[in-house]
Amino acid sequence: MIFFALRTQYSNPGDELINTALLRELAARTRVIALCVDVPDWYVENVMLGLGRHGANVTLERHSARFYARILARAFGREKIWVYLSCGDTTQTKEHDARDYLKSTILGTLQRFPAVHVGMVGVSTARITSSRAWLLRMAQTRGGAITVRDTASKAVLERHGIDAMLVPDLAFALSFSPKPRQETVVLSFRSHNAISDALLTEGLKRVVPWALALGFKLAVVWQVEHDRAFSEALAKILDLPLIVREAPRINRLAELTAIYDKSGFVLSNRLHVLLLGASRGAIPIALLAREDRKISPLLQDNGLGAIAIRVEDEMAADHVIAALSSAEDVADRLRDTFGRNRWVISEHFTAVHGTAQAG
């Protein structure tokens, strides 16, 4: 049996994507108790929809006390029970150290019971607290499954005495569904600060005329609601059409998938814009500022470093145009990468929790 808390950044469809993927891999193999205290109903509905028939293996628990009582009731048993940590970027900021200490202490205490094990997958991090490091070291000594999604995060954990395995980002568990190549380039960016935003905007001002002259159609879309204002401003500055989202909450991944199905390329500094678009056959091009630290290592680990372009590079615009002109080479690598990574993800969960049920 597996215990997992659904709390995450609800405004970000990327976090919904990978948390649903994690829950689907788990529920395909065993029963899951999902804590959903204070989780919006629409988010729970989206996740359950994404689980398909495996949703029957998930019990939603809306009371924290009952959730932990369920764990304690099985803590002395012979059957292993697992508590999974949230996936995504888990970099710990100093202002949250106290909260992380409390959470790590609770989970560390639970691990002292014979049957309790901790699992972590689909994570990247640039900093962890001493309490989280203590928790993960304890998890490893007790047979927990501690993994990260890129070599840079692995190096961070190694400095704290944690030998994490590498398991690809859970977006790679999506089916790779390439479509006939489209000439539409979708731009989707987050704002960082005045300096990085200016570098990005100036780079795009050089790219857009070239792309239009080559016959591409360009449009701007926001994947995360937080990016909406920046996307609207960017569309106005670049004189490009804005794709207006109609489903900001319910079934939003289906809406985004439909947008990327009609796209030949996605140009972004958000990891799960790039990977969700890539899963639909759109060629991802990452135009990155220094704040986008988690993306380059992951792309490099997967042989896709050539599509990671730095905004401060004087040749950034030329690199983007070159990427638009070499789509087929990247498409072949994407197909192989998704196929390989999907197998690695499945094999990891099978090794820990057994063979998945069909569905």
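The values are calculated or read from the model by the stated rules, or taken from the named source; none is laboratory data. The structure presented is a predicted model; accordingly, all values stated were derived computationally and were not measured. Cβ placement follows ideal geometry from the backbone for every residue including glycine, while neighbour counts extend to all protein chains displayed.
Here is how the numbers come out for the structure above:
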quantity	calculated
Filtered residues of the stretch 244-272 (kept if β-branched (Val, Ile, Thr) and either more than 10 Å from residue 188 (Cα to Cα) or loosely packed, with under 14 Cβ neighbours inside 10 Å (or both))	244, 250, 257, 259
From 194, 219, 213, residue being exposed (fewer than 14 other Cβ atoms within 10 Å of the Cβ) and within 19 Å of residue 323 (Cβ to Cβ)	213
Selection within the stretch 256-297 - acidic (Asp, Glu) and either under 20 Å from residue 87 (Cβ atoms) or touching a strand residue (DSSP E or B) at 6+ places or on another chain (Cβ under 9 Å) (or both)	292
Subset of the stretch 171-180 [under 25 Å from the mean Cα position of the chain (by Cα) and either of a type outside the set (Ser, Thr, Tyr) or not in a loop (DSSP other than H, G, I, E, B) (or both)]	171, 172, 173, 174, 176, 178, 179
Restricting the stretch 132-156 to residues that are hydroxyl-bearing (Ser, Thr, Tyr) and surrounded by fewer than 20 Cβ atoms within 10 Å (Cβ to Cβ), the residue that is modelled with the lowest pLDDT	141
Sole residue being hydrophobic (A, V, I, L, M, F, W, C) and under 24 Å from the mean Cα position of the chain (by Cα), chosen from 107, 72	107
Scan of the stretch 150-170 for residues that are of a type in the set (D, E, K, R), in contact with a strand residue (DSSP E or B) (Cβ under 9 Å, 6 or more places away or on another chain), under 22 Å from residue 107 (Cα atoms) and not in a helix (DSSP H, G or I), ordered by number	163
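Condition check ((1) more than 20 Å from residue 121 (Cβ to Cβ); (2) surrounded by 13 or more Cβ atoms within 10 Å (Cβ to Cβ); (3) touching a Leu at 6+ places or on another chain (Cβ under 9 Å)) across all residues:
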{"residue": "297", "(1), (2), (3)": "no, yes, no"}
{"residue": "301", "(1), (2), (3)": "no, yes, yes"}
{"residue": "304", "(1), (2), (3)": "yes, yes, yes"}
{"residue": "307", "(1), (2), (3)": "yes, yes, yes"}
{"residue": "313", "(1), (2), (3)": "yes, yes, no"}
{"residue": "324", "(1), (2), (3)": "yes, yes, yes"}
{"residue": "327", "(1), (2), (3)": "yes, yes, no"}
{"residue": "337", "(1), (2), (3)": "no, yes, yes"}
{"residue": "340", "(1), (2), (3)": "no, yes, no"}
